[in-house]
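First comes the structure, then the notes that go with it.
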Amino acid sequence: IVIALGLLKDQFVVANVNGEQISRIELIRELEKAEGKRILNSLVTQTLITQEAKKRNVLAKDEEIRDEIGKIEKNISNQGQKLDDLLAVQNFTRKQLEEQVRTQILLQKMVGENIQVTDIEVNDYIEKNKESLPKDANMDEVKTSVREQLKQQKLSEKIQELIQKLQKEAKIDYLLKF
């Protein structure tokens, strides 16, 4: 029994400061106060996205997730860094990255298929921002970059609209008060 209590102590006590113990429950309470609402809202949003994707029969295949992570890894490698090192610095696991990529793929499939950027929008953007463009810039490259930037902006707006719609229509009962 004494050995079992000694092993369980680590489950209840997270630090010992000059003989005074700090319990896991105290730690959890402080974490909830500091970040609980943000994290809970994030989990609720993730659940809403997953539920909507299931309702629409939208899937993110493992191959799609691997391909997207491969692109991320290549971009990071081109900058002379390693993905695993960056994940470690951000206290992020590959599994968490996979889940984040899965969510992005689901969102893109649900809202991003009909996003169009016109030549007029690209030209307007370039005209409004011509002072910030390098004088010797290759205009084809600039247009391609601007088109992609505008597409990402529209995608972000559509994603926010979907999330707000899902939150508004959902029945969410918060049982934990912050």
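Assorted remarks:
- Dimensions of the stretch 6-72 based on its C-alpha atoms, expressed as ranges along the principal axes with the largest first, amount to 55, 26, 23 Å.
- Virtual paramagnetic centre 7 Å along Cα→Cβ of D62, amide N under 19 Å, in the stretch 82-126: 94-106
- Computed from backbone phi with θ = phi - 60° and the Karplus coefficients 6.51, -1.76 and 1.60, the 3J(HN,Hα) list for the stretch 22-32 is 10, 8, 4, 5, 4, 4, 4, 4, 5, 4, 4 Hz; x is used for glycine and proline.
- Pairwise centroid distance, computed over Cα atoms, of the stretch 33-78 with the stretch 145-172, Å: 14 Å
- In order along the stretch 157-172, phi translates into HN-Hα couplings of 5, 5, 5, 4, 4, 4, 4, 4, 4, 5, 5, 5, 7, 7, 9, 10 Hz, rounded to whole numbers, per the Karplus curve 6.51 cos²θ - 1.76 cosθ + 1.60 with θ = phi - 60° and x for Gly and Pro.
- Across K95/K165; K54/K168; K55/K95; K128/K151; K74/K95, pairs whose alpha-carbon gap is larger than 20 Å: K95/K165; K55/K95
- Note, ³J(HN,Hα) from phi for the stretch 136-149, Karplus 6.51, -1.76, 1.60, rounded to Hz, x at Gly and Pro: 9, 5, 6, 5, 5, 5, 4, 4, 4, 5, 5, 4, 5, 4
- Inter-label distance for E32 and T50, nm, one decimal - labels placed 7 Å from Cα along Cα-to-Cβ: 2.2 nm
- Around K61: net Lys/Arg minus Asp/Glu count, Cβ-Cβ under 13 Å: -3
- The residues D85, D140, sorted by heavy-atom accessible surface at 1.4 Å with ligands and nucleic acids left out, run D140, D85 from largest to smallest.
- With a Förster radius of 30 Å applied to the C-beta separation of D136 and K109, the computed FRET efficiency comes to 0.15.
- Pairwise FRET efficiency - V13 versus S145, Cβ, R0 = 45 Å, nearest 0.05: 0.25
- Apolar share of the accessible surface for the chain: 52 percent from carbon plus sulfur atoms, 1.4 Å probe.
- A simple count of charges around N129, restricted to other residues whose Cβ falls under 13 Å of its Cβ and scoring Lys, Arg +1 and Asp, Glu -1, yields -1.
- V14 long-range amide H proximity, modeled H, under 5 Å: I22, S23, R24
- The convex hull built on the alpha-carbon positions of the chain has an orientation-averaged projected area of 18.1 nm².
- Remark on I115: its backbone amide H falls under 5 Å from none of the residues 5 or more positions apart or on other chains, H modelled at 1.01 Å from N.
The values are calculated or read from the model by the stated rules, or taken from the named source; none is laboratory data. Bear in mind the structure is a predicted one, so any value in this text is a computation, not a measurement. Cβ coordinates were reconstructed from backbone atoms using ideal geometry, including for glycine residues, and neighbour counts include every protein chain displayed. Calculation scope for accessible area: heavy atoms of the full protein, side chains included, ligands and nucleic acids excluded. Shrake-Rupley method; radii C 1.70, N 1.55, O 1.52, S 1.80 Å.
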